[in-house]
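The values are calculated or read from the model by the stated rules, or taken from the named source; none is laboratory data. All figures in this text were calculated on a predicted structure; none of them were measured in a lab. Because the Cβ atoms are built from the backbone with ideal geometry, glycine has one as well, and the counts that use them run over all protein chains shown. Quick note on the areas: whole protein, heavy atoms, side chains included, nothing else; ligands and nucleic acids left out. Shrake-Rupley method; radii C 1.70, N 1.55, O 1.52, S 1.80 Å.
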Amino acid sequence: MLEMISESAILMVLVIFTINIVYVSFLTLRTVALTKGYRYLAAFLSIMETFVYVIGLGLVLDNLDQPVNVIAYALGFGVGILLGLYIEEKLALGYMVVNVTTGQRDRDLPEHLRSLGYGVTHGTQYGRDGERTTMQILTPRRFQRKLIETIKELDDHAFIIAYEPKTIHGGFWTKKVSSRKVADYEPEDVEEILEEIYEEEAVEANGETAKKEEVQSRKE
């Protein structure tokens, strides 16, 4: 197998390119996992990275005597970084915090977002034009774009800043964020979804009230 690869210049270039993509993808994912605190995932990725290095990269490094192989190595390195980052983006590990400032005092945006499954802490602050509602919203990272699109649907003038927290400790955020509820709607349908949620809550509230009244009447 190794002799066949060594005898074919084209096959050697393809092998060098492919192996370096795989190797650097694992390296990139491991680095990202370490920075995000996923130590066990980083350890697993380091094992895979070392396996590729020992099995394949030795062959690559032994055949960098030709300029075309060096070019293939460099291209594979660059593509490997892009692929690793793409995979990490699709995995979307961790949480995002989105800070929102809105001037819409007539709409209960914090309650709307909570009903959709997000964790929201809100308050009132003052800007140049008076009172503003500020919100700090926790969302799984894979739903960050959906959250921002939802906010734009509810208030297209909202000021939005998003960042990734390095540490989350205490509170109830991670328990209160409902990934299932967040995944079950599309931003363009948010108004209809909210109406359905509030109608269901109203029906449940009326049912609970009726039960309490029935129990009270029996006692009397």
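What the table shows:
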| quantity | calculated |
| --- | --- |
| Two-decimal Rg/Rh across segment 57-162, once Rg and the Kirkwood Rh are taken from alpha-carbon atoms | 1.33 |
| With every protein chain in place, segment 79-118: carbon and sulfur % of accessible area (1.4 Å) | 58 |
| Burial ranking of peptide ranges 138-144, 19-25, 40-46, 157-163 (average Cβ count within 10 Å, highest at the top) | 19-25, 138-144, 40-46, 157-163 |
